[in-house]
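First comes the structure, then the notes that go with it.
The values are calculated or read from the model by the stated rules, or taken from the named source; none is laboratory data. Bear in mind the structure is a predicted one, so any value in this text is a computation, not a measurement. Counting neighbours? That spans all protein chains shown, and the Cβs are built from the backbone with ideal geometry, glycine included. Accessible surface is based on the protein model in full, side chains and every heavy atom, while ligands, DNA and RNA are left aside. Shrake-Rupley method; radii C 1.70, N 1.55, O 1.52, S 1.80 Å.
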Amino acid sequence: AGATVVLFARKEAELILAVGQLPKPAFQEHSFRVIDFGDLDEVKNQVIVWKREFPTVHILVNNSGGPAGGLLMEESTEKLASVFSQHVLASQIWVQAVVEGMKKAGYGRILNIISVSVRQPIQGLGVSNTVRAAMASWSKTLSRELGPFGITVNSILPGFTATGRLAEVNQLRAKMQDKSIEEIEKELIGQVPIGRFVQPDEVAALAVFLCSSLAGAMTGNSIAVDGGFLT
């Protein structure tokens, strides 16, 4: 949508592919950095280097991948702490890095891609449910602090979305429930009023709007793109 994009993730091959698929604005180049958000020291060091090249950032999208599934009662405190660090603490580092430039510009968009589990915990995703809720509360708190500076902070809550992540979770569900993938998918779709999984582009469309000047009065929101899953 006309933005210069810098992508951050762990897998270089996938980053190269993703950057290559982005439309190029005139006289601008998209780029990427290889980084593991699970290593906060690495995140802090990357931020220092990256800010020299991009001192002013208008849009920050936090979209860390979800943890492996499992029952919450069976998870270790170490895993909870690790996932909390990867999501909330890493995002906190990024926000603190970009806010100064946003304040000077009088414009900023911080967007967090979370999950419908913020409002309705999803069976078999105990750690994810817990940390996603923390992200939503963190996001709402920031919206109150940053609103006076022309910076909005919103969260998108995707429902069952046709991604690799959903495929992985469905495999886990099938194993835990001794069912086929087809049975699991049918059961999930049965919970979605539109009768299908959400497509990634449908989530992206809301992201583009929330990051635009048209959404200047929208902040502190957690908006579901879930095909009607939430009641």
Two-site label geometry, S76 and K11: point separation in nm, points 7 Å out along Cα→Cβ: 2.5
Accessible-area composition of segment 12-119, carbon plus sulfur, in percent [1.4 Å probe]: 56
Under 5 Å, built H, 5+ apart or other chain: amide partners of F160: V198
Longest to shortest principal axis, alpha-carbon extents of segment 103-227, angstrom: 55, 26, 21
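Going highest first, how would you order 138-144, 113-119 by mean Cβ packing within 10 Å?
The most tightly packed comes first, giving 113-119, 138-144.
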For D39, distant residues with modelled amide H under 5 Å away: none
Phi to ³J(HN,Hα) by Karplus 6.51 cos²θ - 1.76 cosθ + 1.60 over segment 215-221, Hz, x for Gly, Pro: 9, x, 9, 9, 8, x, 9
Amide hydrogen neighbours beyond the local backbone of A224, cut-off 5 Å, H modeled: L157
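Take every Cα pair under 8 Å in segment 1-90 that's 6+ residues apart, average their separations, divide by the length, and report that relative contact order as a whole percent.
Values: 69 pairs, mean separation 25.4, N = 90.
For segment 1-90, the relative contact order is 28 percent.
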C-alpha center-to-center spacing [segment 56-119, segment 17-31] in angstrom: 24
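Order 62-69, 38-45 from most to least packed using the mean count of other Cβ atoms within 10 Å.
Working: 62-69: 18.2, 38-45: 14.0.
With the highest mean Cβ count within 10 Å placed first, the list reads 62-69, 38-45.
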Tensor-based shape of segment 138-202 (alpha-carbon gyration tensor, a/c under 1.5 rounded, otherwise prolate or oblate): prolate
Heavy-atom surface of the chain, accessible at 1.4 Å and reported per residue (Å²): 55
Burial order of peptide ranges 222-231, 126-135 (average beta-carbon count within 10 Å, highest first): 126-135, 222-231
Violating pairs (Cα-Cα greater than 20 angstrom) within the set K44/K140; K103/K140; K51/K103: K44/K140
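Can you name the helices of the chain, as whole DSSP H runs, whose Cα span along the helix axis is 15 Å or more and whose Kyte-Doolittle mean is not below -0.5? List each step's numbers first, then the result.
Working: long enough: 40-53 (20 Å, -0.70); 90-105 (23 Å, 0.25); 126-146 (30 Å, -0.12); 164-177 (20 Å, -0.71); 200-210 (16 Å, 1.42).
Helix filter hits for the chain: 90-105, 126-146, 200-210.
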